[in-house]
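Peer 1: Submitted below is the structure of interest, expressed as structure tokens.
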Amino acid sequence: MPSKSIDRKLLLVVLILLGIGLLMIASAGVFYGRARFDDAYYFFKQQLLGLSVGLILLYVFQKIDYHIWQRFVMPIFFLALGLLVLVFVPGVGTTVYGAARWVEIGPFSFQPSEVMKLSIILYLAAWLSKKGRAKSADFFEGLVPFLAVLSIVGFLIIKQPDTGTLGLIFLIALSIFFASGANLSHILSLFLGGLAFLFILIRLAPYRMQRFLVFINPEHDPQGSGYQMTQALIAIGSGGIFGAGLGQSRQKFNYLPEPVTDSIFAVLGEEFGLIGTVVIVSLFLFVAWRGFVIASRVPDEFGKLVAVGIMSWIVFQALINMSAISGLIPLTGIPLPFISYGGTSLAVLLAAVGILLNISKHSTLKT
């Protein structure tokens, strides 16, 4: 029989990650907030606002039967596409650091790409579950239309440009496609094709090539393109096993770029050391496990694919952020889920967790 209660273990771990996130933003953002906004706790207060909205969305979405989303995937997906187009509209879209990724409507601003992450999960889950496993494995019924959807979304995101988000959405979509019963040769072809496309993107853009060269050789241009990576590695390395202690990071004092967003893992490593980073990795692995349990025990294909998509989103995004800031892959600018500063990312992600928690109510067996 389906359970009527949410997965409390998953909820608890998400709340722990949120608490760690607030703690780290309060620590990492003190100097940065004072320098940019003359308010040491500017980022902390803004994150509290985003967290409040996100927790409301989580509560509401975990109450809504997830089957309802299956009926509205088309308008949700087209709305997300429309929002991606809006970033290029003068007066509405906002360009930051040369990238058009924000939309401003009155006093509100948000990143449409975050909305797209959730919408493409719902869309692909509904579409592939309706097709069935046999058609998902077919070249013309499965692979070709799947590529068409990815190409449309990918074109709009790469025009921003946002290579990191494009890669993340590709991995999320690939995970859903695999779980739907896609042919393994198609999955392998997509993966290899994705790597080839990434290589082309790197060659076409000088700044991407510089990031790649820094990845190959962290000492390449330490005062230029390699500055962030150099400072991040110094922060993580100086943390040792036990860390310097909460609030004791030195790199956050105008050495480490973006200490509250994509570099926050480096500050965490400096203040809490190897033990702290292992705890964070373990918490995300726990999220992956709970997501797998939920996906494997939901009685319908749509619920399973949505659960796989949301779990993949959280885990891949965390893996990309931590790997990039540790020098294991090139820098991407992808935030750390639940921990990095960013109201849009946090609110949409918590809405997705709400959907996942609702799906957990329908699991046949609980552990």
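Bear in mind that the values in this text are calculations on the coordinates, not laboratory data. Given the structure is predicted, the values throughout are model-derived calculations rather than measurements. Neighbour counts run over all protein chains shown; Cβ positions are idealised from the backbone, glycine included.
Peer 1: Helix-only mean residue ellipticity at 222 nm, the chain, DSSP H runs n ≥ 4 weighted -39,500 (n - 2.57), per residue, nearest 500. What is it?
Peer 2: -22500 deg cm²/dmol
Peer 1: Size of the dipole of the chain about the Cα centre, Lys and Arg at +1 and Asp and Glu at -1 on the beta carbon, nothing else charged, in debye to 20?
Peer 2: 820
Peer 1: If each residue of separation counts as 0.36 nm, what is the full-extension length gain between L188 and R71 once their alpha-carbon separation is subtracted?
Peer 2: That works out to 39.0 nm of additional length.
Peer 1: Suppose R0 equals 56 Å. What FRET efficiency, 1/(1 + (r/R0)^6) with r the Cβ-Cβ distance, do F253 and I152 give to the nearest 0.05?
Peer 2: For R0 = 56 Å, the calculated efficiency reads 0.80.
Peer 1: What are the ³J(HN,Hα) couplings of the range 281-290, residue after residue, when phi is run through the Karplus curve with 6.51, -1.76, 1.60 and θ = phi - 60°? Round to Hz, x for glycine and proline.
Peer 2: After applying 6.51 cos²θ - 1.76 cosθ + 1.60, I find 4, 5, 5, 5, 5, 5, 4, 4, 5, 5 Hz.
Peer 1: For M24, M209, what ranking results if the residue with the fewest other Cβ atoms within 10 Å of its Cβ goes first?
Peer 2: The fewest-first ordering by Cβ neighbours comes to M209, M24.
Peer 1: Quick check of the Kirkwood formula: for the range 109-162, what is the inverse mean of 1/r over all pairs of different Cα atoms, in Å?
Peer 2: 12.3
Peer 1: Show me the ranking of peptides 260-266, 339-345, 151-157 by mean Cβ neighbours inside 10 Å, starting with the highest.
Peer 2: Ranked from most to least packed, the peptides come out as 260-266, 339-345, 151-157.
Peer 1: Set Lys and Arg Cβ to +1 and Asp and Glu Cβ to -1, take the dipole of the range 8-360 about its Cα centre, and tell me which of L86, L319, A352 lies farthest positive.
Peer 2: Highest projection toward the positive end goes to A352.
Peer 1: While we're on this one: How many angstrom lie between the Cα centre of the range 22-78 and the Cα centre of the range 173-188?
Peer 2: Answer, in whole Å: 31.
Peer 1: Rounded to a whole number of µm²/s, how large is the Stokes-Einstein D of the range 198-313 at 4 °C and 1.567 mPa s, given Rh as the Kirkwood radius over C-alpha pairs?
Peer 2: Working: Rh = 16.6 Å.
The diffusion coefficient I find is 78 µm²/s.
Peer 1: Let me ask you something else. Return one number: the angle in degrees, 0 to 90 and rounded to the nearest 10, between the long axis of the Cα atoms of helix 73-86 and the longest principal axis of the Cα atoms of the chain.
Peer 2: 30
Peer 1: Take the alpha-carbon centre of the range 230-265, take the same for the range 152-172, and report the distance between them in whole Å.
Peer 2: Result: 29 Å between the Cα centres.
Peer 1: I've got another one for you. Between T364 and I241, what FRET efficiency follows from the Cβ-Cβ distance if R0 is 45 Å, with the result rounded to 0.05? Each step should come with its number before you reach the end.
Peer 2: Numbers: r = 43 Å, r/R0 = 0.95.
The pair T364/I241 has a calculated efficiency of 0.55.
Peer 1: Starting from the Cα-Cα distance between L213 and K159, subtract it from 0.36 nm times their residue separation and give me the gain in nm to one decimal.
Peer 2: 17.2 nm
Peer 1: Calculated from the structure, P(r) over Cα pairs in 10 Å bins from 0, in percent equals which of (1) 5, 22, 29, 25, 14, 4, 0, 0; (2) 5, 23, 33, 27, 10, 1, 0; (3) 6, 25, 34, 24, 10, 2, 0?
Peer 2: Identified label for the calculated read-out: (2).
Peer 1: Relative to the longest principal axis of the chain, what angle (0 to 90°, nearest 10) does the C-alpha long axis of helix 8-37 take?
Peer 2: 40
Peer 1: Next up: Taking neighbour Cβ counts within 10 Å as the exposure measure, how do F286, F292 sort from fewest upward?
Peer 2: Numbers: F286 17, F292 14.
The fewest-first ordering by Cβ neighbours comes to F292, F286.
Peer 1: Measure nothing fancy, just the Cα-based angle from helix 184-204's long axis to the longest principal axis of the chain, in degrees from 0 to 90, nearest 10.
Peer 2: Relative to the chain, helix 184-204 is tipped by roughly 40 degrees.
Peer 1: Here is a follow-up. Compute the Cα gyration tensor for the range 41-140, then decide on rounded, prolate or oblate, letting a ≥ b ≥ c be the square roots of its eigenvalues: rounded whenever a/c is under 1.5, prolate when a/b is larger than b/c in the other cases, and oblate in all that remain.
Peer 2: Oblate, since a/c reaches 1.5 and b/c is not below a/b.
Peer 1: Restricting to Cα pairs below 8 Å that are 6+ residues apart, what does the relative contact order work out to for the chain? Please round to a whole percent.
Peer 2: 30 percent.
Peer 1: Another one. Using unit Cβ charges (K, R positive; D, E negative) and no other charged atoms, how large, in debye to the nearest 20, is the dipole of the range 13-164 about its Cα centre?
Peer 2: The dipole of the range 13-164 has a size of about 280 debye.
Peer 1: Neighbour counts of other C-beta atoms within 10 Å: give me K9, K63, K131, K252 arranged from fewest to most.
Peer 2: Taking fewest neighbouring Cβ atoms as first place, the list is K63, K9, K131, K252.
Peer 1: Continuing with this model, one more query. How would the range 245-284 be classified by its alpha-carbon gyration tensor: rounded, prolate or oblate, with rounded meaning a/c under 1.5 and the a/b versus b/c comparison settling the rest?
Peer 2: Verdict is oblate for the range 245-284.
Peer 1: Hand me the chymotrypsin sites (Phe, Trp or Tyr not before Pro) from the range 34-108 located in a DSSP loop with no more than 16 other Cβ atoms within 10 Å, in residue order please.
Peer 2: Y41, F72, F88, Y97
Peer 1: Which residue, L204, P161, P299, has the largest displacement toward the positive end of the dipole of the range 8-360 when charges sit on each Cβ (Lys, Arg +1; Asp, Glu -1)?
Peer 2: P299
Peer 1: Take the Cα pairs of the range 263-367, get the Kirkwood Rh, then feed it into Stokes-Einstein at 37 °C and 0.692 mPa s and tell me D in µm²/s.
Peer 2: Numbers: Rh = 14.6 Å.
The estimated diffusion coefficient comes to 224 µm²/s.
Peer 1: Once you have the Cα-Cα distance between S296 and K9, take 0.36 nm times their residue separation minus that, and quote the gain in nm to one decimal.
Peer 2: 101.7 nm
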